[in-house]
Amino acid sequence: MVIMAMMTMLFAFAQKASAESLIPRMATKQISMRDSIKVGEDYCRYTVQIELPMVDGPVRDSINAFVCAMLDQENYDNIEKAFKKTSKEYFDNYRKETEEAGGGLPWYYEMEIGVTSYCSQYITMSVVGYDYLGGAHGMPFDFCVTFLTSNGKRLGWKDFTSRGEFMRPTISKALDPDLFDDPTKIKPLPARTPWLKGTMLVFKYCPYEITSFAGGMPEAEVHFTKLEEYLKPEIVELCKAYYKEDTGMEYGTGPDFEGETEARPMLYNELDADFMVNGTPNIRSFVEATLGSLGYEFEPENYDLRNGYFQITEEGDGMFRVNAAYWNRNDGKKLFIISWDNTGVEFADKRTGECRGVKYASSPWMHFDVENAGDGYYRTEESGYLTYIFNEKTRMLELKYDISILGNLSEFNGHRYLILPQKGKDIKVMEKDGDGNCRYRTLRWNGMSFRDGLHSNDD
């Protein structure tokens, strides 16, 4: 009943917003305000255009307060009065500056506020404008904010994620590479909070934040599935709710999921179009999608499509080896595991553990043995493993952090590497402690996951 009531308040019109979307058009009110003065030969003008959504409840009050805040009047709830007060203050400052300088360049302030994306769950408002106070150029601004329709809350960074640093490689990859001297360099997170645009998250930087003024305000649009691992569950549900209202279908179904689509989530990248070959998962596409986007380039020495196995071993400054495999589970789904072991990796910050532009968490899934290599760099042995579940009905590959899949492997103070089988179903685990002693464990497949087997100390 609450959702239906909100839908009634939010959508005053029943017609479709477009031929593709099932979301009704939102009713809005247009507010146009303009004022100007002239001092001698110089002039000053203040112009605001507002598209205000005709909604009720807490979200209406939040949006009105936000618009007034954009007019520099934090304590106002009347937009027209806020405009008059702000424009008067703007003109008073202009008169003062002009008189003190004995004349000067014209000033002008232009701002447009409108609705850019919405569904029954959220409304995203855009703010675009330019403030010119003389000089070589003024200062543009262009950003959006997202409000929850249920309680009017304006979403901030902490509402999107508590693991924002992990998003940096994906955000950086989505930026226009032509804007940067080194497009491969991982960028910092933008100061502004991201916002929702349909099922996309938008990240936008302010002028000068990561490039020159001429570079403008770089923007990255990223599908929520590419960041789902790091997002708060509430944000994921908002994106799925939009998809359902937009298409009339549950997320993961419908024509968008037939063939190649960026809506099939991987940890770092979407799957290749040839992921399924004659009904069989293409294990090479799985490995390339997960590791290739981390910067690894490789050719497999053993690519066995029939048995669902993939192996790489490369030697150089260190050794890099990867193996991947999948298992048919009793519930009709497939379990995918990828394991890698990399010696000789270098990264510049031991405290953050940032390597190849990816900041790894400390967990049983990842491990670093760190040795100071001088000049601020640290040499390490990096090992890790990731597990995924593939649902053939939805064609979704979902990252799983359920460690019980691998027989309740506990935190290990040493180096660990999973040796996956090309044939057979059991996994061999290599564990090497700080003294170089090596032992092996066998994980037995039971049709759904693995359980611990026997230990041995043979090398």
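The values are calculated or read from the model by the stated rules, or taken from the named source; none is laboratory data. Keep in mind that what you see is a predicted model, and the values were worked out from it rather than measured. For neighbour counting, all protein chains shown are included, and Cβ atoms are generated from backbone atoms with ideal geometry for every residue, glycine included. What goes into the accessible areas is simple: the full protein's heavy atoms, side chains included, and nothing from ligands, DNA or RNA. Shrake-Rupley method; radii C 1.70, N 1.55, O 1.52, S 1.80 Å.
For S18, indicate whether it is hydroxyl-bearing (S, T, Y), at pLDDT 90 or above, exposed (fewer than 14 other Cβ atoms within 10 Å of the Cβ) and not in a helix (DSSP H, G or I). Break it down into steps so the answer makes sense when it comes.
On the way: hydroxyl-bearing (S, T, Y): yes; at pLDDT 90 or above: no; exposed (fewer than 14 other Cβ atoms within 10 Å of the Cβ): yes; not in a helix (DSSP H, G or I): yes.
So S18 does not fit the description; no.
Tally the residues that are within 22 Å of P207 (Cα to Cα) and loosely packed, with under 15 Cβ neighbours inside 10 Å, restricting the search to the stretch 135-161. So the answer is 6. For the stretch 147-159, check the following and say yes or no: at least one residue is under 20 Å from V222 (Cβ atoms) and assigned to a strand (DSSP E or B). Scanning the stretch 147-159, I find no residue that is under 20 Å from V222 (Cβ atoms) and assigned to a strand (DSSP E or B), so the answer is no.
Name every residue in the stretch 81-133 that is within 30 Å of R25 (Cβ to Cβ) and in a loop (DSSP other than H, G, I, E, B), in order of residue number. Break it down stepwise before answering.
Of the stretch 81-133, the ones within 30 Å of R25 (Cβ to Cβ) are 81-83, 110-130.
Hits for the stretch 81-133 are C119, S120, Q121.
Scanning the stretch 38-53 for residues that are open to solvent by less than 60 Å² (accessible area, probe 1.4 Å) and within 42 Å of the chain's Cα centre (by Cα) yields C44, R45, Y46, T47, V48, I50, E51, L52, P53. Looking at Y122, Y118, Y130, which is the one that is open to solvent by 10 Å² or more (accessible area, probe 1.4 Å), aromatic (F, W, Y) and out of contact with any Asp or Glu (no Cβ under 9 Å at 6 or more places or on another chain)? So the residue among Y122, Y118, Y130 that is open to solvent by 10 Å² or more (accessible area, probe 1.4 Å), aromatic (F, W, Y) and out of contact with any Asp or Glu (no Cβ under 9 Å at 6 or more places or on another chain) is Y118.
You will find that of D35, D72, D61, D56, the residue that is touching a strand residue (DSSP E or B) at 6+ places or on another chain (Cβ under 6 Å) and either open to solvent by 30 Å² or more (accessible area, probe 1.4 Å) or without any contact (Cβ under 8 Å) to a residue 40 or more places away in the chain (or both) is D35 and no other. All conditions but one from (1) at pLDDT below 90; (2) under 14 Å from the mean Cα position of the chain (by Cα); (3) within 22 Å of T124 (Cα to Cα) apply to K158; the one that does not is (1).
Only one of the numbered conditions (1) over 30 Å from E250 (Cβ atoms); (2) open to solvent by 30 Å² or more (accessible area, probe 1.4 Å); (3) modelled with pLDDT under 75 is violated by K425, and that is (3).
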